[in-house]
1. Just to confirm a number: summing +1 for Lys and Arg and -1 for Asp and Glu over residues other than residue 60 whose beta-carbon lies under 12 angstrom from that of residue 60, what do you get?
2. Please identify every one of the trypsin sites (Lys or Arg not before Pro) in the stretch 63-169 that sits in a loop by DSSP and has no more than 14 other beta carbons within 10 Å of its own beta carbon.
3. Let me know the whole percent of all Cα-Cα pairs from the stretch 331-377 that are separated by more than 16 Å.
4. Regarding the chain, what whole-number volume in Å³ per residue does the convex hull of its Cα atoms give?
5. Summing +1 for each Lys or Arg and -1 for each Asp or Glu, what net charge is found among the other residues whose Cβ lies under 9 Å from the Cβ of residue 167?
6. Whole angstrom only: what separates the Cα centroid of the stretch 359-379 from the Cα centroid of the stretch 93-134?
7. If you average 1/r over all unlike Cα pairs in the stretch 263-379 and invert the result, what Kirkwood radius do you get in angstrom?
8. Fewest first, what order do 223, 167 take by the number of other Cβ atoms within 10 Å?
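Values in this text are rule-based calculations from the coordinates and carry no lab data. Everything numeric in this text was worked out from a predicted model, so none of it was measured. Cβ placement follows ideal geometry from the backbone for every residue including glycine, while neighbour counts extend to all protein chains displayed.
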Amino acid sequence: MVASLSGSFQPGRVVLLGSGETSPSGRKAFEEVFKRYNHSPRVALLETPAGFELNSDRVIGRVADFLRHHLQNYQPQIEIVAARKRGTPFSPDLESIVAPLWQADVIFMGPGSPTYAVRQLKDSLAWQVLIARHYLGADVVLASAATIAISRFALPVYEIYKVGEELHWKDGLDFFGIYDLPIVFIPHWNNSEGGAELDTSHCFMGRKRFAELINLLPEKCMLVGIDEKTALYMDLASMTATVVGQGGVTVIHPGDPHEVAQGQPLADAQLINLARGIESHVHFFRHGVTFPLDICCPFSLPQPGAGIRAPVWQKAIDWASKPLEEPTPPAEVLERVQAREIARQNRDWARADSLRNEIEQLGWMVQDTKQGPQLKRKG
């Protein structure tokens with residue numbers, strides 16, 4: 001018998017970044033996620049979207065370095081999931097590769113190719129475990145290529161923008177299909193890298209091509225455009241989404257028109273006319289605004305474990321019931337503890353107090369005992 005989605009079964013949040021996972025806006029997004037935990041969050045960085053690149057370890061490694069340096073107060077326990085390519089020693093179907101996902105509090109995917117990510121993750125063990133962890137409360141943070149890849153239909157950005165293929169869509173991972181929400185996500189919505197000479201808005205497609213792409217969608221979907229330096233926090237438990245950042249979120253969705261909330265700016269006329277052409281309408285939500293996720297269609301909460309192979313779901317539950325292990329203090333904390341002991345031996349109390357403060361700023365408490373200094377994670 002499958003448990004209902006209630007009580008301890010609360011799905012995790014999904015945080016989508018319009019750009020910049022290693023920018024100040026990205027830092028704020030991760031901080032908002034990390035601060036909900038009263039322990040060092042266990043963070044799994046999924047390498048898959050960049051798995052085709054020869055330096056994919058460095059692509060995801062830069063994210064790991066960013067989190068360690070800029071969010072050190074939360075002492076995230078970071079592990080990289082090198083699920084690069086099926087049929088190789090780094091396959092997303094290998095238990096040894098996906099192992100860090102089983103107890104992850106936060107799962108991140110980011111830069112790379114959306115269509116490559118879909119090919120490698122579709123029905124894979126890694127994707128099954130990610131969904132299982134989401135059901136059990138883990139937060140999923142996605143940026144760039146990964147934001148596109150989880151859509152009902154994925155925009156093949158590189159194939160169109162770089163290679164010149166005809167306009168088309170690819171099947172995506174359809175993350176929100178488990179909630180009966182057909183959504184297409186478009187990051188870099190307000191991109192302006194092309195300047196006055198080239199329209200690179202709408203994820204480098206430009207307005208003209210994007211208008212054609214909308215008409216090529218195989219079925220009616222809710223389109224969600226996320227501006228750069230902006231995050232969309234999707235809380236599935238409360239069925240709401242909140243916009244945070246310098247830009248906003250544009251939603252184009254089918255269904256009966258309804259009024260824009262007071263104080264919200266209207267979308268531009270061209271986009272409104274485009275939406276009318278596909279029997280849809282437009283909303284623009286700025287920073288701080290929360291809107292219902294069922295804005296386009298009825299919202300359905302799945303049974304936990306729905307769509308997941310039974311052995312995978314059972315293993316996810318077993319892992320979730322295991323007690324948390326006490327995190328290991330990082331080297332920078334241990335170095336300060338050692339320096340503090342030397343200062344105490346030299347009766348340099350001012351130096352010892354200063355080092356104690358530094359240790360606390362790094363998220364640890366030091367207690368002096370007869371057996372020597374003992375460290376305990378703050379919070």
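1. Its environment carries a net charge of -3.
2. Hits after loop and neighbour filter: 162.
3. Numbers: 289 of 1081 pairs.
Roughly 27 percent, rounded to a whole number.
4. Measuring per residue, one finds 176 Å³ for the Cα hull of the chain.
5. Working: positive: 209; negative: 165, 166, 212.
The answer is -2.
6. Here the two parts' Cα centres lie 35 Å apart.
7. Result for the stretch 263-379 stands at 20.8 Å.
8. Values: 223 29, 167 15.
Exposure proxy ranking, most exposed first: 167, 223.
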